[in-house]
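> Here you go, one structure.
The numbers here are math on the coordinates, done by the rules we state, and not lab data. Just so you know, these numbers come straight off a predicted model, no measurement behind them.
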Amino acid sequence: MKTIDLNADIGEADTPEWAAAEAAILRHISSANIACGGHAGDDETMRRTVRGALENGVAIGAHPAYPDRENFGRRSLVLDEDIAEDDLVQSIRAQIMRLWEIAEEEGGRIAYVKPHGQLYNDAVGDRRKADLIARTIAETDPGLILLGGPNSRMGEAAAAQGLAFVAEGFIDRLYSDDGHLVPRGQPGAVIADADARLDQARRLATTGEVRTVSGRMLDIEARSLCVHGDSAGAVETARQARAAIEAEGVTIEAFSTGDATA
């Protein structure tokens, strides 16, 4: 039987309403990418989200970012200009380790790492940053899985470090014709229509296709599908996407419970 993971970027909430939505989304996903202090999150939010993940049988992943809370990790930092390479390595490692410590204290463990925001986007095409991320993960724990973009430098960097790599697709983001995400600043980059999100979820889970910004169909090999926890309607999207995917005969299961490519 075919399986696919459903993940969400969470642990970012800074209001009671947002926190409630994050708690609710955990009932529908199989893996949680938990913010660990770089772009959002603190010890309290990490602990709360880890507890929620464990209560719902959801795999725990670290979601490190550029250390740039002011811009929510969505501004690119240029190595050797905006940030020294060693400082970025230390920040990523510290973010992973803090979540690691909290997860262990709560009786859980981190299974994987997914970069956040612009750090993720930069590592799609920038081999130096992809190598930096993969090397930092491998030095922290070579058993951790790297979750990232398909056909990206992240997969190459993971292989070079001997890390398992899992490629993901996005339910709520528009794709360019080259198979990467349309930048958030462009109109329609975040898919707002619920039916369009569900259609994209079904296609990715069953045929591995997405409709790009130009209308063409593109193959995307993804073993995990993401919904952004901070996007409008995220909880309902996760609930409906799970139901729609399961209705197609596909089982929702965390990728970290099975084999990952190395």
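> Looking only at the chain, where both bridge partners belong to it, what percent of the DSSP beta bridges are antiparallel (to the nearest 5)?
Numbers: 6 of 35 bridges.
Taking every DSSP beta bridge with both residues in the chain, the antiparallel ones total about 15 percent.
> Using θ = phi - 60° and the Karplus curve 6.51 cos²θ - 1.76 cosθ + 1.60, what whole-Hz ³J(HN,Hα) does each residue of the range 18-34 get, with Gly and Pro shown as x?
5, 4, 5, 5, 5, 5, 6, 5, 5, 6, 10, 9, 10, 9, 10, 8, 9
> Using the Karplus curve 6.51 cos²θ - 1.76 cosθ + 1.60 with θ = phi - 60°, work out ³J(HN,Hα) for each residue of the range 186-203 in order, rounded to whole Hz, and write x for Gly and Pro.
For the range 186-203, the Karplus curve yields 8, x, x, 4, 9, 6, 8, 6, 4, 5, 5, 4, 5, 4, 5, 4, 4, 4 Hz.
> Sticking with this one: Report the Cα-based extents of the range 3-257 along its three principal axes, largest first, to the nearest Å.
So the three principal-axis extents are 44, 38, 33 Å.
> Next question. Does the range 27-152 classify as rounded, prolate or oblate by the C-alpha gyration tensor (a ≥ b ≥ c root eigenvalues; a/c under 1.5 gives rounded; else a/b over b/c gives prolate, otherwise oblate)?
The shape class here is prolate.
> Please check: in the Gaussian network model of the chain (C-alpha springs, under 10 Å), which one of 179, 215, 162 has the largest mean-square fluctuation.
215
> With viscosity set to 0.692 mPa s and temperature to 37 °C, compute the Stokes-Einstein D of the range 146-262, Rh being the Kirkwood radius across alpha carbon pairs; µm²/s, no decimals.
On the way: Rh = 14.7 Å.
Reported coefficient: 223 µm²/s.
> Could you calculate the contour length gain from residue 216 to residue 3, that is, 0.36 nm times the residue separation minus the distance between their Cα atoms, to one decimal place in nm? Numbers along the way, then the final one.
Working: separation 213, 0.36 × 213 = 76.68 nm, distance 2.59 nm.
This chain segment gains 74.1 nm when fully extended.
> Cα centroid distance between the range 193-220 and the range 229-254, in Å?
Here the answer is 14 Å between Cα centres.
> GNM, the chain, Cα, under 10 Å: largest mean-square fluctuation among 209, 101, 17?
17
> Further, regarding this structure: Determine the relative contact order of the chain: mean sequence separation of Cα pairs under 8 Å and six or more apart, normalised by residue count, in whole percent.
Here the relative contact order equals 23 percent.
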